[in-house]
Structure formats: structure tokens, C-alpha cells
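Trainee: Can you keep this structure in mind? I'll have questions shortly.
Since every read-out is calculated from the coordinates, none of them should be taken as a lab result. Computed from a prediction, not measured in an experiment: that's the story for all the values here. Counting neighbours? That spans all protein chains shown, and the Cβs are built from the backbone with ideal geometry, glycine included.
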Amino acid sequence: MDVLVLIGRILFVLLFLNSAIGHLTQTKAMAGYAGSQGVPFPWLAVFGSGLLQLVGGLMVLLGVWADLGALLLLVFLLPTALLMHRFWREEDAEARQNSLVQFLKDLSLAGAALMLFAFFAHAGDDLGLTVSGPLFDLD
């Protein structure tokens, strides 16, 4: 089971680590888009969300307080869905559909991150192939 969980952790964080690189290396360009979506303090939001993805993704990947890492990813995903993918405001049908897909993707990943948080916090030190046990205890 430990190897399956490790493989799942690796697959889960690939999207976040790739996105974090973009957020941290193309902050100015991404901030322009975030600002056009009405995100307050867009440069700070893009840079901060890049850090959340990087730190949370690495924590889940390496198993260093992976429960906290999953929560950090949740903190990134929920505001992103609500602020960046407001499909209900799109007038163009194709843009609305694309935004809806991204909105639902973020919500689905948020659900997965919440489940990972509960899984890590409940499994505790019984889960192998991690650097540390969880920070939280849900027993």
C-alpha cells in the first residue's frame, strides 16, 4: 500500500509543481491576466499562489507534514476556482465552457486535497514512505 500511496502522491502533485514554476517564473505576465479577472493585488496573488503550490506540492510529494501540504493546496484551489474561473460571467459560449471545465477541475482537485488531508491526518505514522508523520491528528 505504501508504494501505491507514493505513486498517487507523485501523480497528484505534478500539476501543482508545474504550475508553481510558471507562477514563479512568469509572475508579471500571469499577474496581468489575474488583474484582468479582477483579482486584487494580482502580482502578490500570483506569486503567493505559486509559493502555495510549490511548498504544498513538495510537502505532499516528500511526505513532510503531507497533511499540511494538502491543506496548502486546498487554500490555493478554492480561491482560484472562485476568482479566476468565473464561468457564470462569460458571455461567449466557448469561453464559458472552458472556464467551467477549469472551475470544476479546481473544485475536484480541492476535494482530492481535502481527502488527502484527512487520509494523512488519520493514518498518522502508519503510512510509510514519508519523511515525517502528519502535523494534525484526526483519530
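Trainee: Enumerate the amide H contacts of residue 138 below 5 Å, restricted to partners 5 or more residues apart or on another chain; note that Pro and chain-start residues carry no placed amide H.
Mentor: 122
Trainee: Could I ask something else about it? With a 10 Å Cβ neighbour count serving as the proxy for reagent exposure, in which order, fewest first, do 1, 59, 30 appear?
Mentor: Values: 1 10, 59 26, 30 21.
Ascending Cβ contact count within 10 Å gives the list 1, 30, 59.
Trainee: Taking Rg and Dmax of the Cα atoms in Å straight from the coordinates, which label in (i) 14.5, 45; (ii) 16.1, 50; (iii) 16.9, 47 is the correct one?
Mentor: (ii)
Trainee: If you find the alpha carbon centre of the stretch 69-139 and of the stretch 9-40, how far apart are they in angstrom?
Mentor: The distance from the Cα centre of the stretch 69-139 to that of the stretch 9-40 comes to 15 Å.
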